[in-house]
Every structure is written in structure tokens, then in C-alpha cells.
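Down below is the structure, laid out as C-alpha cells.
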Amino acid sequence: MIAEGASVGQSANEELRDALQLVCAEKPNSRRLSYWMRSHRERIIDGLQLCKAGADGHAKVAKWKVIKCG
């Protein structure tokens, strides 16, 4: 639901923030999120799967993608 006076972009950002708080258990940060993503990779939930999409060795970051399964 979009709050009165809020734009669609604001609503999406709020939903993302809420989802990150759920998976990180506390204030979201990159380390907590990366641990959660690694522990949930390759699982299929509601026809979607979180997969590692490579890494950027220079920046030392992993890349992730969500794919739709069959």
C-alpha cells in the first residue's frame, strides 16, 4: 500500500528497507546481508532463486541475481 502523498518509488524503497530489516535482524549492513545471501543461495522460493552472478575481484564484491525458475 502506498502512503498518501508518497510516490511509487518511495513505496518500493520502504518495502525494500523493511525486507532488509527482516533478513538482517538488526540495522541492515552489507556484512549481515552478504551472510544471509550466502546462506540462502540456490534455494527456490515461490519460483524465484537467488544465484551468485560472479564477483568483482578489484572491488572485492560478489554479484547476485534473482532468476525465475521453470
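The values are calculated or read from the model by the stated rules, or taken from the named source; none is laboratory data. Because the structure is predicted, anything quoted here is derived from the model rather than measured. Heads up, the Cβs are rebuilt from the backbone with ideal geometry, glycines too, and the neighbour counts pull from every protein chain shown.
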Report every pair of residues separated by at least 6 positions or lying on different chains whose Cβ atoms are under 7 Å apart, first residue within the stretch 30-41 and touching a residue at least 40 places away in the same chain (Cβ under 8 Å), second surrounded by 13 or more Cβ atoms within 10 Å (Cβ to Cβ) and not in a loop (DSSP other than H, G, I, E, B).
none
Looking only at the stretch 8-15, decide whether some residue is touching a helix residue (DSSP H, G or I) at 6+ places or on another chain (Cβ under 8 Å) and of a type outside the set (Lys, Arg).
no
In the stretch 55-70, which residues are surrounded by 10 or more Cβ atoms within 10 Å (Cβ to Cβ) and either touching a helix residue (DSSP H, G or I) at 6+ places or on another chain (Cβ under 9 Å) or at positive phi (or both)?
VAL61, ALA62, TRP64
Report yes if some residue within the stretch 60-70 is in contact with a Lys or Arg (Cβ under 9 Å, 6 or more places away or on another chain), modelled with pLDDT under 90 and in a loop (DSSP other than H, G, I, E, B); otherwise report no.
no
Matching residues in the stretch 18-53 (at pLDDT 85 or above, charged (D, E, K, R) and either in contact with a helix residue (DSSP H, G or I) (Cβ under 7 Å, 6 or more places away or on another chain) or more than 19 Å from LYS68 (Cβ to Cβ) (or both)) number 4
